[in-house]
Amino acid sequence: MVQKELRKYLKSGHVYRRSDLKTGDRHLKRLVAEGVLQKMARGLYYCPAMASFGSVPPEDEVLIRAFLKGDDFLLISPNLYNALGVGTTQLYNKCLVYNHKRHGRHTLAGKVFEFRRKQQFPKALSKEFLLVDLLNNLHELAEDRDAVLQSVRKRMLKASKSKFKRVVNAYGGRRTKALFNRWMSAGS
């Protein structure tokens, strides 16, 4: 009886926390065994959406939203740096999640997410933020750092200095702020 009521409540493509489902472990195990739900992580379940080729995994944003119990996060991939035209070419198999609640590596739906607690992060991505974030994370990237730094420097010096200054002051780390200030004082 409980399973039938729970099946009516479930919507395909949605991620649920254990506490949202309000049922016992026995029922959840049975629904997972039947393929009605998929366990994504401890306390996190997904009601798979079906396509012609099988079940579709949940979108990263939907998964993170359920995991963090809210929308206050920014999902970013180091692969986005490649579109900036500053010499980065590597592909990375990780996603960064800037948020106010969690930190550390968490595997959700078989994918590794690196959660980083940040005081501030923008609601949406911009090229300026991505350049600042690239500088913040340059030590973690498998790139020619000197060449990337020169490209970023040229890009920042050509652009609106006041806009970059605001973004650097809001989101830059200590090293990024020092580097930017050195570039600005040296001029072009």
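Taking region 103-117 as the range and being modelled with pLDDT of 95 or more and surrounded by 12 or more Cβ atoms within 10 Å (Cβ to Cβ) as the test, the residues that pass are 103, 113, 114, 115, 116, 117.
Give the residues of region 153-188 that are over 17 Å from residue 84 (Cα atoms), outside any helix (DSSP H, G or I) and over 23 Å from the mean Cα position of the chain (by Cα), sorted by residue number. Of everything in region 153-188, those that are over 17 Å from residue 84 (Cα atoms), outside any helix (DSSP H, G or I) and over 23 Å from the mean Cα position of the chain (by Cα) turn out to be 187, 188. Among residues of region 165-180 that are in contact (Cβ under 8 Å) with a residue 12 or more places away in the chain, those with a Cβ under 7 angstrom from a residue that is not in a helix (DSSP H, G or I) and not small (Gly, Ala, Ser), sequence gap 6+ or separate chain, pair up as 170/120; 171/120; 171/121. Figure legend. Inter-residue proximity from region 140-157: first residues surrounded by 13 or more Cβ atoms within 10 Å (Cβ to Cβ), second residues of a type in the set (A, V, I, L, M) and not in a loop (DSSP other than H, G, I, E, B), beta-carbon distance below 7 Å, spacing 6+ or different chains. Indicated pairs: 148/138; 152/131; 152/134; 152/135; 155/131; 156/131.
Looking at region 69-82, is at least one residue in a loop (DSSP other than H, G, I, E, B) and in contact (Cβ under 8 Å) with a residue 40 or more places away in the chain? Within region 69-82 (the criterion being in a loop (DSSP other than H, G, I, E, B) and in contact (Cβ under 8 Å) with a residue 40 or more places away in the chain), the answer is yes, since at least one residue qualifies. Applying the selection to region 105-152, what residues are touching a Leu at 6+ places or on another chain (Cβ under 8 Å), among the charged types (D, E, K, R) and assigned to a helix (DSSP H, G or I)? Correct list: 127, 145.
Please specify each residue of region 27-54 satisfying the condition of being surrounded by 10 or more Cβ atoms within 10 Å (Cβ to Cβ) and either assigned to a helix (DSSP H, G or I) or in the same structural domain as residue 111 (by TED's automatic domain parsing) (or both). Within region 27-54, 27, 28, 29, 30, 31, 32 qualify. All conditions but one from (1) touching an Asp or Glu at 6+ places or on another chain (Cβ under 8 Å); (2) buried (at least 18 other Cβ atoms within 10 Å of the Cβ); (3) outside any loop (DSSP other than H, G, I, E, B) apply to residue 88; the one that does not is (3). Among the residues of this structure, residue 12 does not count as one that is out of contact with any His (no Cβ under 6 Å at 6 or more places or on another chain), at pLDDT below 90, assigned to a strand (DSSP E or B) and surrounded by 12 or more Cβ atoms within 10 Å (Cβ to Cβ).
The values are calculated or read from the model by the stated rules, or taken from the named source; none is laboratory data. Everything quoted here is computed from the prediction, not taken from an experiment. So basically every Cβ, Gly included, is an ideal-geometry build from the backbone, and we count neighbours across all protein chains shown.
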